[in-house]
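A.B. asks: Before we start, here is the structure in question, set down as structure tokens.
The values are calculated or read from the model by the stated rules, or taken from the named source; none is laboratory data. Computed from a predicted structure; not experimentally measured. Ideal geometry is used to build each Cβ from the backbone, glycine not excepted, and the neighbour counts take in all protein chains shown.
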Amino acid sequence: MDGWIVLEFSLEVHGSCDEAAAALASMLGRGVLQKEGPEGCVITAYVPAAERDTLDIPALEEVVASLVPGEVKNVRVSGMEDRDWNLEWKRHYAPVRVGRSVVVVPSWEEFSVGKGDVVVRIDPGQAFGTGTHATTVMMMEMMENAWNMRPGWRPSVLDVGTGTGILAILAAKLGVSRAEAIDVDGFAVQAAQANLAMNGVETDVAVSNTPIERVDGRFQVVLANLDFPTIMSVWRPLVERVGAGGLLLLSGLLNDQAGAVVRLLEREAGLVLVHRREREEWVALEMVADER
């Protein structure tokens with residue numbers, strides 16, 4: 001039986017749906033696409049029509065519902081004639097310029113590098129986008145600004161929840177003394193390692209699935225593009241990894257969540273808010289640790 005079954009899970013999420021997308025990819029054994037917007041997220045999976053009899057859609061829906069902080073609004077099942085899958089995947093992505101000099105380029109795209117461009121090439125891998133979501137864009141903007149304000153800066157960097165490794169790659173290209181990237185998801189670790197190698201910075205960043213609680217040492221910059229529940233559950237080990245006078249860059253928060261995080265970190269950890277960025281309904285925070 002030729003063709004594909006198209007599954008679209010519409011989610012009313014209040015944060016990233018990366019975890020649900022990764023779980024679907026794992027259960028189905030293939031990549032999925034995710035598109036996030038102000039009203040929620042849509043995860044799309046393409047399953048060969050030949051697997052129709054073994055496809056347990058209620059079980060997939062139950063898993064997705066258990067992993068998102070909102071609700072599964074709708075599950076749409078449709079058919080699609082056989083076609084060039086790689087072409088369909090690639091149509092979703094194009095080079096994106098971020099800030100003054102950073103350019104995120106899908107691995108398959110041709111791109112003419114301009115003077116001063118910092119190019120980060122990304123292959124989404126399974127369940128991960130090319131890093132052009134508003135939360136990631138703001139992180140890259142904050143990083144570019146932090147490095148530009150400190151010419152010749154080569155800080156130690158920890159990227160928590162690295163995903164495709166896009167932030168770790170950018171940090172390595174901006175300049176680091178040492179860097180670690182961690183993610184509890186196996187797909188993320190594999191994707192990050194492949195993308196680091198593609199960008200020629202695989203020796204600059206150590207990638208692992210080490211939990212944040214078990215990471216050794218402190219860092220001058222800690223990057224955390226996570227969702228609100230995750231930030232609230234790991235805030236203490238996060239701030240414990242920030243060295244004296246170091247930066248904590250946070251993203252993945254909605255407007256009505258950011259205030260609670262700032263108050264918590266200022267009150268309990270002594271961090272100070274330096275800058276707040278907003279894009280669409282999302283907020284990113286730059287906070288600095290005291291000289292403890």
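A.B. asks: On the given criteria, is L248 surrounded by 20 or more Cβ atoms within 10 Å (Cβ to Cβ) and at pLDDT 90 or above?
C.D. replies: On the way: surrounded by 20 or more Cβ atoms within 10 Å (Cβ to Cβ): yes; at pLDDT 90 or above: yes.
Answer is yes for this residue.
A.B. asks: Residue under question is P237, and the condition is that it be over 24 Å from A134 (Cβ atoms), surrounded by fewer than 18 Cβ atoms within 10 Å (Cβ to Cβ) and touching a helix residue (DSSP H, G or I) at 6+ places or on another chain (Cβ under 7 Å); does it hold? Before you say what the answer is, go through the steps one by one.
C.D. replies: On the way: over 24 Å from A134 (Cβ atoms): yes; surrounded by fewer than 18 Cβ atoms within 10 Å (Cβ to Cβ): yes; touching a helix residue (DSSP H, G or I) at 6+ places or on another chain (Cβ under 7 Å): yes.
In short, yes.
A.B. asks: Could you list, in sequence order, the residues of segment 273-292 that are surrounded by 13 or more Cβ atoms within 10 Å (Cβ to Cβ) and more than 18 Å from the chain's Cα centre (by Cα)?
C.D. replies: Selection gives L273, V274, H275, R276, M287, V288, A289.
A.B. asks: Do we have E268 as in a loop (DSSP other than H, G, I, E, B), at pLDDT below 95 and charged (D, E, K, R) here? Please lay out each step first, then the result.
C.D. replies: Numbers: in a loop (DSSP other than H, G, I, E, B): no; at pLDDT below 95: yes; charged (D, E, K, R): yes.
When the stated conditions are applied, E268 does not pass them.
A.B. asks: Regarding segment 144-163, can at least one residue be identified that is surrounded by 17 or more Cβ atoms within 10 Å (Cβ to Cβ), assigned to a helix (DSSP H, G or I) and under 20 Å from the mean Cα position of the chain (by Cα)? Step through it out loud before you land on a result.
C.D. replies: So the first thing to find is which residues in segment 144-163 are surrounded by 17 or more Cβ atoms within 10 Å (Cβ to Cβ), and the list is 144, 146-147, 155-163.
Those still in the list that are assigned to a helix (DSSP H, G or I) too: 144, 146-147.
Then keep just the ones that are under 20 Å from the mean Cα position of the chain (by Cα); that gives 144, 146.
Yes - at least one qualifying residue is present in segment 144-163.
A.B. asks: Need the failing condition index for V120 against (1) buried (at least 21 other Cβ atoms within 10 Å of the Cβ); (2) in a helix (DSSP H, G or I), just the number.
C.D. replies: (2)
A.B. asks: Can you name the residue in segment 251-272 that is farther than 24 Å from D18 by Cα and among the aliphatic types (A, V, I, L, M) and, of all such residues, is surrounded by the fewest Cβ atoms within 10 Å (Cβ to Cβ)?
C.D. replies: Here is the first cut: in segment 251-272, the ones farther than 24 Å from D18 by Cα are 263-272.
Now narrow it down to the ones that are among the aliphatic types (A, V, I, L, M): 264-265, 269, 271-272.
Values: L264: 16, L265: 24, A269: 19, L271: 24, V272: 13.
Taking the candidates together, the pick is V272.
A.B. asks: How many of the residues in segment 52-93 are surrounded by 13 or more Cβ atoms within 10 Å (Cβ to Cβ), at pLDDT 75 or above and outside any helix (DSSP H, G or I)?
C.D. replies: Residues meeting the conditions: 1.
A.B. asks: Within segment 213-229, work out how many residues are under 18 Å from the mean Cα position of the chain (by Cα) and surrounded by 19 or more Cβ atoms within 10 Å (Cβ to Cβ).
C.D. replies: Restricting attention to segment 213-229, the residues satisfying the condition of being under 18 Å from the mean Cα position of the chain (by Cα) are 221-229.
After this cut, where a residue has to be surrounded by 19 or more Cβ atoms within 10 Å (Cβ to Cβ) as well, the list is 221-228.
Qualifying residue count, segment 213-229: 8.
A.B. asks: Let me ask something additional. Under 8 Å between Cβ atoms, at least 6 apart or on separate chains: pull out the pairs that start in segment 248-266 with a residue that is closer than 18 Å to M142 by Cα and end on any residue that is surrounded by fewer than 16 Cβ atoms within 10 Å (Cβ to Cβ) and acidic (D, E).
C.D. replies: Taking only residues 6 or more apart or on different chains, the pairs are L254/E281; N255/E278; N255/E281.
A.B. asks: Next question. Condition check: modelled with pLDDT of 80 or more and hydroxyl-bearing (S, T, Y). Does S101 satisfy that? Outline the logic, then answer.
C.D. replies: Numbers: modelled with pLDDT of 80 or more: yes; hydroxyl-bearing (S, T, Y): yes.
So S101 fits the description; yes.
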